[in-house]
1. Can you tell me which residue in region A:282-308 is nearest to residue A:260 (Cα to Cα), limited to those that are charged (D, E, K, R) and either part of a strand (DSSP E or B) or within 12 Å of chain B (Cβ to nearest Cβ) (or both)?
2. I'm checking my understanding of the structure. Among residues of region A:25-74 that are among the acidic types (Asp, Glu) and either more than 28 Å from residue B:202 (Cβ to Cβ) or in contact with a Cys (Cβ under 6 Å, 6 or more places away or on another chain) (or both), which one is farthest from the other protein chains (Cβ to nearest Cβ)?
3. Being in a loop (DSSP other than H, G, I, E, B), modelled with pLDDT of 95 or more and surrounded by fewer than 24 Cβ atoms within 10 Å (Cβ to Cβ) is the filter here; which residues of region B:32-58 pass it?
4. Yes or no: region B:83-92 includes at least one residue that is of a type in the set (Val, Ile, Thr) and either facing another protein chain (nearest Cβ under 9 Å) or within 14 Å of residue B:48 (Cβ to Cβ) (or both).
5. Can you confirm whether residue A:119 is within 11 Å of another protein chain (Cβ to nearest Cβ) and at pLDDT 95 or above?
6. Residue A:44 fails exactly one of the following numbered conditions: (1) touching a strand residue (DSSP E or B) at 6+ places or on another chain (Cβ under 8 Å); (2) without any contact (Cβ under 8 Å) to a residue 60 or more places away in the chain. What is the number of that condition?
7. Among the residues of region A:191-227, which ones are more than 19 Å from the chain's Cα centre (by Cα), hydroxyl-bearing (Ser, Thr, Tyr) and surrounded by fewer than 22 Cβ atoms within 10 Å (Cβ to Cβ)?
8. If residue B:185 satisfies all but one of (1) buried (at least 18 other Cβ atoms within 10 Å of the Cβ); (2) touching a Ser or Thr at 6+ places or on another chain (Cβ under 8 Å); (3) among the aliphatic types (A, V, I, L, M), what's the number of the condition it fails?
Number of protein chains: 2
Amino acid sequence: MTSELYPAGRLGQVRDAVRSAGLDAVLLTPGPDLRYVTGYDATQLERLTCLVVPAQGGAALFVPRLELAAAQASPVSGSGLELIAWQETEDPFGMVARRLGQVTAVGLSDRMWAMSALRFRDALPGTRLELAGPVLRPLRITKTAAEVTALREAGAAIDRVHAQVPGWLRPGLSERAVGVRVSEAILAEGHASVDFVIVASGPNAASPHHEVSDRVLAAGDVVVVDIGGTMPSGYCSDSTRTYAIGEPPAEFTGYYTVLQDAQQAACDAVRPGAPAESVDAAARDPITRAGYGDAFFHRTGHGIGLESHEDPYIVAGNGEPLRPGMAFSVEPGIYPGPHGARIEDIVVVTEDGYQRLNQAPRDLVVTG
Amino acid sequence: MTSELYPAGRLGQVRDAVRSAGLDAVLLTPGPDLRYVTGYDATQLERLTCLVVPAQGGAALFVPRLELAAAQASPVSGSGLELIAWQETEDPFGMVARRLGQVTAVGLSDRMWAMSALRFRDALPGTRLELAGPVLRPLRITKTAAEVTALREAGAAIDRVHAQVPGWLRPGLSERAVGVRVSEAILAEGHASVDFVIVASGPNAASPHHEVSDRVLAAGDVVVVDIGGTMPSGYCSDSTRTYAIGEPPAEFTGYYTVLQDAQQAACDAVRPGAPAESVDAAARDPITRAGYGDAFFHRTGHGIGLESHEDPYIVAGNGEPLRPGMAFSVEPGIYPGPHGARIEDIVVVTEDGYQRLNQAPRDLVVTG
């Protein structure tokens with residue numbers, strides 16, 4: 001991808017952060033951390049790919065021999081990073097350990113599989129294993145202008161999918177069938193992959209992490225549609241809208257307005273210096289006052305970037321002050337059953353407030 | 001999903017296996033192991049979902065409060081398994097540790113993220129952490145009749161995608177544009193998700209794990225198309241075909257025939273009792289004899305089921321005897337550059353030989 005999005009200076013920033021954290025090295029397997037540092041979009045598999053970034057000395061990327069050409073074709077190639085290919089019958093964990101030499105503490109990618117983490121534990125006896133996440137967190141948690149642009153493009157792409165959703169919400173179609181159309185549209189509108197598709201109709205709308213089922217849509221249903229994907233840039237989209245097929249239940253209409261106001265109030269609470277939890281409280285207070293406090297049983301949001309869920313989390317207890325460049329979802333929900341609703345936009349903290357990256361209408365869209 | 005595919009007796013089998021392995025429990029986070037044991041198709045996220053299967057006593061599934069309804073709607077609900085929901089501000093790792101009590105050794109899902117594995121390490125001081133994979137491996141490595149049926153359905157679905165590929169391989173289209181069409185077709189032909197799409201054209205065909213790039217297809221290109229997805233059943237597809245746009249280079253035509261013969265020879269080596277590595281040797285020998293040994297630098301195959309890569313691996317050094325019900329890819333490749341080729345089918349070991357689950361033509365398809 002563009003060097004603006006994955007600037008060459010990142011490796012040096014990470015080396016400094018490793019040193020400040022008092023670690024000897026971080027070991028980054030494929031996933032968001034590796035991509036953040038190098039731009040290399042590799043897939044985590046049973047064969048080890050691992051970027052070793054030591055506090056002192058040169059970094060090296062260990063790759064399976066059959067992925068050497070893919071690594072050479074990636075942004076890694078221009079970075080001066082040493083590439084070390086291992087053969088099918090070699091032990092890459094031992095190779096990394098020999099490269100590290102005597103080390104006291106190393107940090108592992110948060111998403112490294114246990115099958116690799118325990119192999120490193122065995123290959124590095126006496127070494128303290130920590131997570132690399134806290135090392136990279138201060139870098140990743142605020143987005144550069146190029147990252148915000150990439151998130152804005154992702155937001156526009158998922159908005160274009162939501163614009164098509166009302167046409168698919170027809171009585172007689174199953175959630176699963178709607179889900180396939182959503183997935184196809186996520187790709188057609190410019191994402192490289194589909195991350196999740198929730199089409200929660202009728203009573204399923206009261207289940208926040210429902211995905212899709214064989215339930216057939218019917219007139220009178222409320223449908224929560226929460227969808228997202230990853231763009232070729234590596235950056236993610238995530239947006240929820242709630243739809244009604246024909247006239248919704250009377251109670252629903254009442255609390256949907258409460259939800260809309262709560263989501264707006266939470267967005268309006270976003271500004272530099274405000275603690276993350278104040279955004280959660282701003283969403284929760286009006287919902288609680290309206291008597292639906294128990295029906296809003298998840299946090300208000302999560303950070304987004306190269307992962308669809310990352311720091312900062314917008315949750316009670318997180319007093320971290322918001323800073324310009326932080327990007328996260330604002331997604332209160334009300335799930336009293338036998339229906340429910342959620343509205344979700346991604347927002348970015350600006351110098352004096354916030355900007356929404358999703359523009360699909362938040363007024364209830366009634367179809368059919 | 002059907003109880004035939006995810007039978008209720010699995011939990012008991014796993015408990016027995018935990019006991020035989022000398023572990024106190026296995027801790028299974030969302031992924032193939034959890035799905036194998038319970039049929040529950042949850043997504044691994046930063047909020048912990050964890051099935052605790054102790055050697056003695058009742059199993060329990062810890063879920064985030066907001067996923068409780070999803071878990072209740074899953075096959076877990078009829079299993080008698082205890083469901084324990086944790087609230088956003090609780091510590092689920094501590095809750096699991098208290099449930100376990102004093103334990104000596106527990107096994108973690110192979111794909112559990114390090115961020116959870118290290119939390120369990122800290123919550124269970126003095127407990128030896130191992131992998132759950134070896135406990136579940138003997139169960140998962142041979143497929144039941146229902147699993148073979150699910151894999152056959154997956155194979156037929158990806159065959160239907162390959163049948164459409166020649167129509168998309170037109171000069172002027174980019175690999176990325178072809179990849180989007182392939183992804184859409186993977187979904188349209190019945191998969192629930194796209195796992196990977198490799199469209200490797202021209203010189204990229206010599207890079208086995210190339211994905212897609214902005215390279216534009218041209219007449220005379222050879223194109224390796226290696227694609228797969230996961231069906232609603234949970235079972236995966238994976239098949240590779242190599243195509244030519246117009247007349248391919250003369251050298252290519254020569255080694256493609258060698259490759260076709262090698263792939264057939266490897267399949268013909270599949271029978272109960274044959275060591276896994278003998279299938280690799282059967283593919284490698286004719287390629288080496290033809291002078292392309294150095295250009296075939298990956299193993300011949302990998303098991304497939306709820307994961308697209310799982311045991312058994314068809315690689316030198318794996319002397320494990322094949323048994324009926326084992327399912328794996330047979331996918332030799334020749335990559336001399338500036339082009340390359342691979343042919344991949346999934347096969348299942350039968351009582352007296354093997355059955356192919358992919359039927360797309362293996363003769364070179366020349367398009368355009």
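1. Taking region A:282-308 as the starting set, the residues that turn out to be charged (D, E, K, R) are A:284-285, A:289, A:294, A:299, A:307.
Then keep just the ones that are either part of a strand (DSSP E or B) or within 12 Å of chain B (Cβ to nearest Cβ) (or both); that gives A:284, A:294, A:299, A:307.
Working: A:284: 12, A:294: 17, A:299: 16, A:307: 26 Å.
Within region A:282-308, the match that is nearest to residue A:260 (Cα to Cα) is A:284.
2. So the first thing to find is which residues in region A:25-74 are among the acidic types (Asp, Glu), and the list is A:33, A:41, A:46, A:67.
Then drop every residue that is not either more than 28 Å from residue B:202 (Cβ to Cβ) or in contact with a Cys (Cβ under 6 Å, 6 or more places away or on another chain) (or both), which leaves A:33, A:46.
On the way: A:33: 11, A:46: 5 Å.
If we take residues in region A:25-74 being among the acidic types (Asp, Glu) and either more than 28 Å from residue B:202 (Cβ to Cβ) or in contact with a Cys (Cβ under 6 Å, 6 or more places away or on another chain) (or both), then A:33 is farthest from the other protein chains (Cβ to nearest Cβ).
3. Answer for region B:32-58, where residues must be in a loop (DSSP other than H, G, I, E, B), modelled with pLDDT of 95 or more and surrounded by fewer than 24 Cβ atoms within 10 Å (Cβ to Cβ): just B:55.
4. Step one: filter region B:83-92 for residues of a type in the set (Val, Ile, Thr), giving B:84, B:89.
From what is left, the residues that are either facing another protein chain (nearest Cβ under 9 Å) or within 14 Å of residue B:48 (Cβ to Cβ) (or both) are B:84, B:89.
Yes, region B:83-92 contains at least one residue that is of a type in the set (Val, Ile, Thr) and either facing another protein chain (nearest Cβ under 9 Å) or within 14 Å of residue B:48 (Cβ to Cβ) (or both).
5. Numbers: within 11 Å of another protein chain (Cβ to nearest Cβ): yes; at pLDDT 95 or above: yes.
So residue A:119 passes the test.
6. The single condition residue A:44 does not satisfy is (2).
7. Within region A:191-227, just A:213 meets the criteria.
8. (2)
The values are calculated or read from the model by the stated rules, or taken from the named source; none is laboratory data. Remember, predicted model here, so these are calculated numbers, not experimental data. Ideal geometry is used to build each Cβ from the backbone, glycine not excepted, and the neighbour counts take in all protein chains shown.
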